[in-house]
Every structure is written in C-alpha cells, then in structure tokens.
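Asks: Submitted below is the structure of interest, expressed as structure tokens.
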Amino acid sequence: MPSDLRTRAIVLRRTNYGESDRILNLLTPEGKVAVLAKGVRKEKSRLAGGIELFSISDVVIHQGRSNLGILTGAKMLQFFGNIISDLARLELAAGFMKKLDRASEQIPSPDHYDLLVQSLKSLNLAMSGDLVSTWFILNLARINGETINFFRDTAGNELSPDQTYIWDTIESALRPDPSGPISAREIKLARFLLSNPLSHAEKIENLPVIIPPILDLAKKIEQNY
C-alpha cells in the first residue's frame, strides 16, 4: 500500500528532469531517499523554497511501488547561509555531501544524517575547517565499518605515551617510529573525536598544532574505503 513519510531531510544532489521537475537525493534520519519533485523548477512552485542546498527541511514523501518517491511537501527549517558566503567552507560542505551520497549508497546508515548535520552546523559557525574535516572523515570511516585502532600498535602492543608513531595503511594501525608525527596528544585527540560530538572539540587547547597530523592520518584512512 502507498504511504507518506514525513521526516527531516538534507538535499545531497539535485538533477534536472524533464521540463520542470527535479530528481533529488535526500539524506534523512531514516537513510538516503530518492524523490521526484514535480514542477519544482517552475517560478511559482510551492516546493522550491524547501529544497535549497545546505539546509534542513521538513519534507513529506509519497512512497508508492516505485523506488522513486514523490515529494509532496517541503518546508525549510534551517538554512546554513554562512557556508555559501565563504568559498573554503562551501567546498568542504559540498565535498561532505558528495562523500555521503556515495557512502549512503554503499553502506546505508541512519548515522550518516547526524554526521552531516553536525558538520554543516559547525561550518556555519565558522569552526576550523581542518577540525571539521578530521572529525567528519574519522567518523564516516567508523560508521562505514572501517577499523580505526587508536589503542594498540601494529604489533598488538598498547600505545605508549612515550612513543611516536606513523600510520600503517596496510595494518590500519599505528606503527612505532622515532620520527613519527603522531604522539600521545594526537592519539588522545583522535580518540576524543571518535567518541564525542563535534561541538565539544572546539574547546580543546592547541588545536591548530595538534590537528594537522591527525587530518593527514584521516585522509590516509579515507583512501582505504
């Protein structure tokens, strides 16, 4: 039986369809949903204002027998306008949405929605782009099932506060190295980012110094998934 779903959504991608329609990939707390927004490109469309990029909307989706739902209602709840006024933040946010569009197709998870909401809110508040990127990449890997070991090294030994490390891509773990860029403070930060909301991380001291090695490590982890 056809039914209606009312939920919150963020537009991941918009594709023009026909003369006035659009196909939308929406990220919702229930997962990713593809919908057809009929007539949304018409000047007087009542749906157009509710499907802006970089916003959270309250949407109603009619779900029939097809995998493609029909968008019947859309009302913007929150617009992250500061993001589009800054090119660097805009590029980061767009990159996050592309990654989640792909990731939610391969490994659907309701956690993807919260990941994007926290990231967009933080970018909108002008939080450090490197911090947001690091938190996003590490947690996306975690959600997607990538093993991220910040407790034991490649030999299975507990990480030592007196040792420095490098990331071993093959073993997906830290390997002791006298000249490694990862020390106890970076390990502590990585653990924190994997177990706390992004908003809590801004209070950590010396972030501009600690973040670069962890961001570099996060990008290496990202290459594996």
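The values are calculated or read from the model by the stated rules, or taken from the named source; none is laboratory data. What you see is a predicted model, and the numbers here were worked out from it, not measured in a lab. Every residue, glycine as well, gets a Cβ built from its backbone with ideal geometry; the counts of neighbours run over all protein chains shown. Remember, those area values only see protein heavy atoms, side chains included, never the ligands or the DNA or RNA. Shrake-Rupley method; radii C 1.70, N 1.55, O 1.52, S 1.80 Å.
Asks: Taking all protein chains together and a probe of 1.4 Å, list Glu186, Glu158 from the most accessible to the least accessible.
Replies: In descending accessible area the options line up as Glu158, Glu186.
Asks: Rank these by accessible area, largest first, 1.4 Å probe: Asp177, Asp4, Asp114.
Replies: Values: Asp177 35, Asp4 100, Asp114 80 Å².
Ranking Asp177, Asp4, Asp114 by accessible area, largest first, yields Asp4, Asp114, Asp177.
Asks: Can I ask one more? On C-alpha positions alone, give me the angle between the axis of helix 87-106 and the longest principal axis of the chain, in degrees, nearest 10.
Replies: For 87-106 against the chain, the angle is about 80 degrees.
Asks: Counting each pair of different Cα atoms once, what's the Kirkwood radius of the stretch 1-115 in Å, rounded to one decimal? It would help to have the intermediate numbers written out before the result.
Replies: Numbers: mean 1/r = 0.0693 Å⁻¹.
By the Kirkwood definition, the hydrodynamic radius is 14.4 Å.
Asks: Oh, and also: Note the angle between two axes, namely the Cα long axis of helix 129-143 and the longest principal axis of the Cα atoms of the chain, as a number of degrees from 0 to 90, rounded to the nearest 10.
Replies: For 129-143 against the chain, the angle is about 80 degrees.
Asks: Along the three principal axes, how long is the chain when you take its alpha carbons, biggest first, rounded to the nearest angstrom?
Replies: Computed over the Cα atoms, the extents are 64, 37, 25 Å.
Asks: Using a Gaussian network model of the chain with C-alpha springs under 10 Å, which one of Ser128, Ser179, Ser199 is most mobile by mean-square fluctuation?
Replies: Of Ser128, Ser179, Ser199, the Gaussian network model singles out Ser179 as fluctuating most.
Asks: Among DSSP bridges having both ends in the chain, what percentage is antiparallel? Round to the nearest 5.
Replies: Antiparallel bridges make up about 90 percent of those DSSP assigns within the chain.
Asks: Rounded to the nearest 10 Å², what accessible area does Tyr113 show when all protein chains are kept and the probe is 1.4 Å?
Replies: Accessible area of Tyr113: about 30 Å².
Asks: In addition: At a probe radius of 1.4 Å, what is the per-residue accessible area of Phe96, in Å² to the nearest 10?
Replies: Surface accessible to solvent at Phe96 totals approximately 10 Å².
Asks: Scan the chain and hand back the longest stretch that contains none of the trypsin sites (Lys or Arg not before Pro) lying in DSSP loops with at most 16 other Cβ atoms within 10 Å.
Replies: On the way: sites that count: Lys42, Lys44, Arg46, Arg65.
It works out to 66-225.
Asks: Lys and Arg at +1, Asp and Glu at -1: add these up for the other residues within a Cβ distance under 14 Å of Leu189 and post the number.
Replies: -1
Asks: At q = 0.13, 0.27, 0.28 Å⁻¹, what log₁₀ I(q)/I(0) does the stretch 171-224 have when each alpha carbon counts as one equal point scatterer in the Debye sum?
Replies: For the stretch 171-224 at q = 0.13, 0.27, 0.28 Å⁻¹, log10 I(q)/I(0) is -0.33, -1.27, -1.33.
Asks: Excluding Ser128 itself, calculate the net charge of residues whose Cβ lies under 13 Å from the Cβ of Ser128, where each Lys or Arg counts +1 and each Asp or Glu counts -1.
Replies: Overall, the nearby charge balance is -1.
Asks: Relative contact order of the chain, please, whole-number percent, based on alpha carbon pairs below 8 angstrom and at least 6 residues apart. Each step should come with its number before you reach the end.
Replies: Working: 398 pairs, mean separation 33.2, N = 225.
That works out to 15 percent.
Asks: For the chain, compute the number of Lys pairs whose alpha carbons are separated by less than 22 Å, excluding pairs fewer than 8 positions apart on the same chain.
Replies: Value for the chain: 19.
Asks: Report the local net charge at Asn206: Lys and Arg +1, Asp and Glu -1, summed over other residues whose C-beta lies under 14 Å from its C-beta.
Replies: -1
Asks: What's the Cα-based Rg to Rh of the stretch 111-225, Rh via Kirkwood?
Replies: 0.96
Asks: How tilted is helix 207-222 with respect to the longest principal axis of the chain? Cα atoms for both, answer in degrees (0 to 90, nearest 10).
Replies: Helix 207-222 sits at roughly 70 degrees to that axis.
Asks: Express in whole angstrom the spacing between the alpha-carbon centres of the stretch 31-47 and the stretch 59-110.
Replies: Each part reduced to its Cα centre gives a spacing of 13 Å.
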